Amino acid sequence: MVCEVDQMVMKAEAREMEIREIFDDYDQDKSGSIDKSELKCIIIDLGLASLETPDDKLEQLVSIELEKADLNHDGVISFGEFVHYYNSIKDAKV
Ligand SMILES: [Ca+2]
């Protein structure tokens, strides 16, 4: 019998692996972090903006989302930061 704590850990690990795949998809130059241009794709895919969104509006959105996700303010989103950001989006959508 698997205790509840183990199940929670397994669930969290499965989610992290899922997020790792998503992260790798967006990390197009495989730098190990998401930069502003890669974040733009995320914003469009999340439906926060579309390809018709004017550039200046899009830039503004990217800055806002980067600020939310970039916890240590180094200008890029690391995997750890992305996990946090992605979970907060998922939770907000439910
Ligand atoms: Ca960062």
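All of the numbers you see were taken from the coordinates with simple rules; none came from a lab. None of these values were measured; they are calculated from a predicted model. A quick note on method: Cβ atoms are made from the backbone with ideal geometry, for glycine too, and the neighbour counts reach across all protein chains shown.
Straight-line reach from Lys57: taking Cα to Cα under 18 Å and skipping same-chain neighbours fewer than 8 places apart, the lysines in range are Lys36, Lys40, Lys68.
For Arg20 and Asp91, calculate 0.36 nm times their separation in residues minus their Cα-Cα distance, and state this gained length in nm to one decimal. Mind showing how you got there, number by number?
Numbers: separation 71, 0.36 × 71 = 25.56 nm, distance 1.76 nm.
The span from Arg20 to Asp91 would gain 23.8 nm if fully extended.
Its Cα centre serving as origin, the chain has a Cβ charge dipole (Lys and Arg +1, Asp and Glu -1) of approximately 260 debye. Label points 7 Å out from Cα along the Cβ direction at Lys36 and Asp74: separation in nm? That separation, rounded to one decimal, is 1.8 nm.
Ranking of Tyr86, Tyr26 by neighbouring Cβ atoms within 10 Å, starting from the fewest: Tyr26, Tyr86.
Let me check I've understood the local charge: for Thr53, count other residues with C-beta under 12 angstrom from its C-beta, Lys and Arg +1, Asp and Glu -1. What total comes out? Its environment carries a net charge of -2.
Neighbours of Gln7 by Cβ distance under 13 Å: Lys/Arg scored +1, Asp/Glu scored -1, total -1. Neighbours of Asp70 by Cβ distance under 14 Å: Lys/Arg scored +1, Asp/Glu scored -1, total -4.
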